[in-house]
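Here is the structure we will look at, set down as structure tokens.
Computed from the coordinates by the stated procedures, all read-outs in this text should not be read as laboratory data. Small disclaimer: the values here were computed from a predicted structure and weren't measured. Neighbour counts are summed over all protein chains in view; Cβ atoms, including those assigned to glycine, are modelled from backbone coordinates with ideal geometry.
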Amino acid sequence: MGDENGHLEQGRQVTQVRGLAGAARLPHFVRMSAPSAPRTHISGPWRNALIAIVPVVVASIVGSAVTVPQIPGWYAGLAKPVFNPPNWVFGPVWTLLFAMMAYAVYRILRLPAVTPGKARALCVYHVQLALNLLWSCVFFGLNSPVGGILVILPLLALVLTTIAQFRPLDRLSAGLLWPYAAWVSFAALLNVSIWWLNK
């Protein structure tokens, strides 16, 4: 009986080994037949592009939605300085500035995550973008030139701070924001002048 049991045990082991060997010889598509989950991961460049573009587009759309209805009514009735540009200038200028802003921050986003100063620069950038939108909501949405002054002066300071933060990381990104800083400076002067002429 001992010999018979030994033979049976050896037979089971041989069967198991043959089964494993047969599984190893199966085609790859048979052994990996389980369906894999679809990949939805967005690659780095596309992700960075979305992060750069979407906030700028949102600020532009919401700002325009607040501003445009006020142009023919409230804004048209305000006394304005002689250097006030025609209304049609603002749209193209802001479109160009927003495009330059998005490309500037895209270049910063491409830098390695461990780059010193990157996180701080991006934080300052997004805070100034939020203030940009807030200015439209206060000046046009609330019909408040004095409120606009209280927003646009910190906005200008943060734009200049953003340039200072971007410069050590990417000189081109910092340079792309100088036209934006110049336009915000002009808008601040215009805002103060409108408040003074209509107080």
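Before moving on, here are some points about what is shown:
- Label-point separation, Val54 to Val127 (7 Å along Cα→Cβ), nm: 2.3 nm
- What the phi angles of segment 55-64 give under the Karplus curve with 6.51, -1.76 and 1.60, with θ = phi - 60°, is a coupling list of x, 5, 5, 4, 4, 5, 5, 5, x, 5 Hz, glycine and proline written as x.
- With the convex hull drawn around the C-alpha atoms of segment 117-183, the volume per residue stands at 65 Å³.
- For Lys80, Lys118, Lys199, order by how many other beta-carbon atoms lie within 10 Å, fewest first: Lys199, Lys80, Lys118
- Amide H contacts of Leu78 (H built 1.01 Å from N, under 5 Å, at least 5 apart or other chain): none
- Exposure proxy for Cys123, Cys137: other Cβ atoms within 10 Å of each Cβ, ordered fewest to most, give Cys123, Cys137.
- For segment 66-199, the orientation-averaged shadow of the C-alpha convex hull comes to 7.8 nm² (one quarter of the hull surface).
- Ascending count of other beta-carbon atoms within 10 Å, so fewest first, for Ile71, Ile51: Ile71, Ile51
- Across segment 69-199, Cα pairs under 8 Å and at least six residues apart give a relative contact order of 34 percent.
- Spacing of the two label points (7 Å from each Cα toward its C-beta) at Val146 and Phe90, in nm: 2.1 nm
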